[in-house]
Amino acid sequence: MIRVARAALPLSLATLALFASGAAYAFEATQRQGDVTLHYQDASDAVPEGVRTRIIDTFFKAYLPQRADFHPHAASEAAIVIDPAYDGIAYVGEKAKASTITINPAWLAKHPGDTDLVTHEAMHIVQGYPEYANARVPGWLVEGIADYARDRYGVDNAAAGWALPLTVQDGQDFDTGYRVTGAFLKWSEAAWPGLVKTLDGALRSGRYTPALWQQHTGQPLPALWAAYAKARQDQ
Ligand SMILES: [Zn+2]
């Protein structure tokens with residue numbers, strides 16, 4: 001393995017290296033901000049420097065306040081792994097991978113403005129729920145909170161043409177997930193501040209039930225959605 005120093009390295013990166021492995025080059029960097037350390041790995045050096053810099057910058061700009069606001073004990077050590085073998089967009093895994101964001105570089109090549117996908121994934125690290133996609137930790141709510149957080153903490157969502165919807169379409173409901181649920185959460189949070197933090201805490205501790213919505217807002221979840229859908233219609 002040959003380590004190659006690189007001329008145009010961002011000085012803020014604490015350690016980094018380009019090294020040859022057969023024909024492929026690998027890029028690795030470790031950066032720290034506040035009490036959070038990020039390990040960035042791109043085994044085939046697939047992401048261009050400009051996008052990489054924005055990915056790393058976006059991670060810290062999102063993760064530090066998300067963590068402070070929702071879960072100060074969330075991981076202080078995280079990783080971003082660029083993986084050409086992953087054919088989705090990006091994900092955070094479970095257990096040993098619960099603080100690793102894996103990104104498909106082909107997606108970034110096609111959508112170089114979509115660096116705030118890291119903001120959504122960083123929120124999954126903050127969430128750190130013990131389960132996923134069941135009655136105690138519904139997948140639609142986990143993803144809705146992550147998109148609510150992308151809207152709230154995103155660095156440049158406009159660059160990706162990304163926004164929470166301002167209208168409700170036929171067939172959508174509170175449990176549609178992602179942006180649809182994210183927009184519903186934003187509207188609900190504006191009316192009942194602290195709702196999202198309450199839901200997040202309950203999901204993490206295994207105390208989540210749909211009744212929590214009624215306890216916090218005074219309305220059962222389906223009625224709250226109906227009020228939201230009506231408010232959107234009346235705009
Ligand atoms: Zn997600």
Whole Å is fine, so just give me how far the alpha carbon centre of segment 125-149 lies from that of segment 96-119.
-> 18
Length gained, Tyr132-Ala158, 0.36 nm per residue minus C-alpha separation, equals 6.4 nm
What is the spin-label model distance, in nm, from Glu28 to Gln219 if the labels are put 7 Å beyond Cα along the C-beta direction?
-> 5.3
Per residue accessible area in Å² of the chain, where ligands, DNA and RNA are left out and the probe is 1.4 Å = 48
With charges only on Cβ, +1 for K and R and -1 for D and E, what is the dipole size of the chain about its Cα centre, in debye, rounded to 20?
-> 360
When DSSP assigns beta bridges and you keep just the ones with both residues in segment 25-117, what percent turn out antiparallel, to the nearest 5?
-> 50
GNM on the chain, C-alpha springs below 10 Å: top fluctuator among Arg136, Arg150, Arg179?
-> Arg136
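Keeping the other protein chains in place, figure out the carbon and sulfur percent of the accessible area of segment 133-235, with a 1.4 Å probe.
Roughly 53 percent, rounded to a whole number.
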Which residues in segment 159-174 place their backbone N less than 15 Å from a point set 7 Å from the Cα of Trp140 along the Cα-to-Cβ direction?
-> 168-174
Return, ordered by residue number, the residues of segment 169-184 whose backbone nitrogen is under 16 Å from a label point located 7 Å along Cα→Cβ of Asp69.
-> 182-184
Within 10 Å, count the other beta carbons around each residue, average over each peptide in 56-63, 193-200, and list them highest first.
-> 56-63, 193-200
Please build a GNM for the chain, connecting alpha carbons under 10 Å apart, and tell me which residue among Glu189, Glu143, Glu121 fluctuates the most.
-> Glu189
Placing each pseudo-label 7 Å from Cα in the direction of the beta carbon, Ala96 and Ser76 end up separated by a distance in nanometres of 2.3
quick note, the chain, DSSP beta bridge pairs, % antiparallel (nearest 5) is 65
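The values are calculated or read from the model by the stated rules, or taken from the named source; none is laboratory data. On a predicted model such as this, the values are computed, not experimentally measured, just so you know. Glycine gets a Cβ as well: all are built from the backbone with ideal geometry, and neighbour counts include every protein chain shown. The accessibility values were calculated without ligands, DNA or RNA, using every heavy atom of the protein model including side chains. Shrake-Rupley method; radii C 1.70, N 1.55, O 1.52, S 1.80 Å.
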